[in-house]
Each structure stands twice: as structure tokens, then as C-alpha cells.
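The values are calculated or read from the model by the stated rules, or taken from the named source; none is laboratory data. This is a predicted model, so every value here is computed, not measured. When we count neighbours, we look across all protein chains shown, and the Cβ atoms used for this are built from the backbone with ideal geometry, even at glycine. All accessible areas refer to the heavy atoms of the entire protein, side chains included, with ligands and DNA or RNA removed. Shrake-Rupley method; radii C 1.70, N 1.55, O 1.52, S 1.80 Å.
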Amino acid sequence: MMTQEELKRVAAHRAVEMVTSGMTLGLGTGSTAAHALDRLGDLLRSGELMAVAGVPTSLKTEAHAGRVGIPMLALGGATRIDLSIDGADEVDTELNLVKGRGGSLLREKMIEGSGGKFVVIVDESKLVPRLGCTGAVPVEVVPFGCDRTLGLVRKVFDGLPGFSARLRKVVVGKEEVPFVTDNGNYIVEMFFEDGIRGDLGEISDRLLRITGVVEHGMFIGMATSVVVAKKDGTVAVLHRK
């Protein structure tokens, strides 16, 4: 049996096989995407890939890509994004995703929704029957009035058994303070007892209509393919219907 880290590497390397010379890539954030960055760097240094550039979804990814030698472009400087590669926190049966538990959901959605293919790399533990089954669904909010925004997010799911929402906090020194994204915003974490039930599109619209909400971590209908590494080391590639 392979470890989860080994499975992440297997899935990432399979996704990188889809990259060809001359592509502009959306470069994801997180531990699984990091394996794709390392592999891309190896292929660029060996000359197996040439003229590949990346648009990073976070400051952390930008730094990592720079270390392994992947040329960088700003989102506004890329004439196109041919292929985005990123991990996901959850993947449902329709290939909808939860992303952004690391806090990079806004930049991820801006870049990975810019066109071209979006390939998601996961191990099979990320496959779920419904979004929100295994942990937080993040919502990025502006700091101003964040307590009021949190209250309005809660109202979207008012009366739903087992639902809760809170502002993500981190410990700095001896003090607990709000987590701050690369964009200077805060994260509200939504928790569901048995996942999100109902029309995801309608729920998305209700959240995005809240003044103070910047974006949420449900990536609905965006993934074109999902590369799944299984415990026995085999790989399955799922395609959106």
C-alpha cells in the first residue's frame, strides 16, 4: 500500500503528462500541486518541456515555482491559459469540488476558470458523495464588517441541522487572530453534518449575493478531468460528462 504522499505524487505526475511545450499553465496551490510543480521543474531542466510558463494561484506557489525554474506570468499578462493543474479538498460524483481550505480559493477560481482545461489531482480519499462531507467549505470575506457577513452566511442555512460557521483563526505568538489570505481577506468556514444537500448553483448564488462575500470554495462545473490515485498505486482519470 502506498502512503497518501506517494499517491499525491503519482496523481500529480500523471497530470503533468498532459502538458506540452509552449503551454501556459495555471499552477495550483497545496501539497498535491507541489508535486506537479516539482515534476514540471524537472522536465524543464532536462529539456523534455520547453517554453512553458505558469500563472501562480498563490504567493506560496509563486515562490515554489521560482525555486524549480518555472517562468512566471501574471494573470493579466497571459494571453491564454491552456491547462490548469491543482488539487482539491473534495470531489463529488459530478466532479464538483471543494477547494481553498488552504486559503487560496479566490486566486484559484480566477485562474482555473479562465479557460482551457482544468485537471484536478487527488488521491481517492478526496472522493465524496456530496460536497462538505469531510470538512470546511471556505468562504472568503472582506475584513470590514466580517461579523455581520458571518451572520448573513449563517442565515443561508438557517435551520439546517448540524450546520455551523465560524471565522478561521490562527495563533500568532500567544494571540488568536483571523487568518488572512494573500488578498488581505478573511475566511469563513462552513461545516455540514452530512454534506451540502440541495442545488449547488442556487446555494452559490445566495452566498455570492451577500455583500462582503468575495468568493466561496465550491468549484461547480469547472473541472474538465480528475486524476485519481488509488491505494494500490493505479490511476483512474475521470472526465466531466
Inset, instruction - Within segment 45-59, work out how many residues are open to solvent by less than 40 Å² (accessible area, probe 1.4 Å) and not in a loop (DSSP other than H, G, I, E, B). - result: 4
Legend entry - Subset of segment 183-211 [within 14 Å of Pro138 (Cα to Cα) and open to solvent by less than 30 Å² (accessible area, probe 1.4 Å)]: Asn185, Ile187, Val188, Glu189, Met190, Phe192, Gly195, Ile196, Ile203, Ser204, Leu207
Inset, instruction - For residues that are modelled with pLDDT under 95 and part of a loop (DSSP other than H, G, I, E, B), scanning just segment 115-133, find the one that is most open to solvent (accessible area, probe 1.4 Å). - result: Gly116
Inset, instruction - Enumerate the pairs (first residue in segment 98-113 and in the same structural domain as Arg80 (by TED's automatic domain parsing); second residue anywhere and open to solvent by less than 50 Å² (accessible area, probe 1.4 Å) and part of a helix (DSSP H, G or I)) with beta-carbon separation below 6 Å, excluding pairs fewer than 6 apart on the same chain, so at least 6 apart or on different chains. - result: Lys99/Leu105; Lys99/Glu108
Legend entry - Counted residues, segment 67-102 - those being buried (at least 24 other Cβ atoms within 10 Å of the Cβ) and among the small types (Gly, Ala, Ser): 4
Inset, instruction - Among the residues of segment 60-76, write down those that are assigned to a helix (DSSP H, G or I) and closer than 20 Å to Phe118 by Cβ. - result: Lys60, Thr61, Glu62, His64, Ala65, Leu75, Gly76
Inset, instruction - Take segment 158-176 and flag every residue that is open to solvent by less than 40 Å² (accessible area, probe 1.4 Å) and either in contact with a helix residue (DSSP H, G or I) (Cβ under 7 Å, 6 or more places away or on another chain) or within 22 Å of Leu106 (Cα to Cα) (or both). - result: Ala165, Leu167, Arg168
Inset, instruction - Mind listing whichever residues of segment 10-44 are surrounded by fewer than 22 Cβ atoms within 10 Å (Cβ to Cβ) and either outside the structural domain of Ala88 (by TED's automatic domain parsing) or part of a helix (DSSP H, G or I) (or both)? - result: Val10, His13, Arg14, Ser31, Ala34, Asp38, Arg39, Gly41, Asp42, Leu43, Leu44
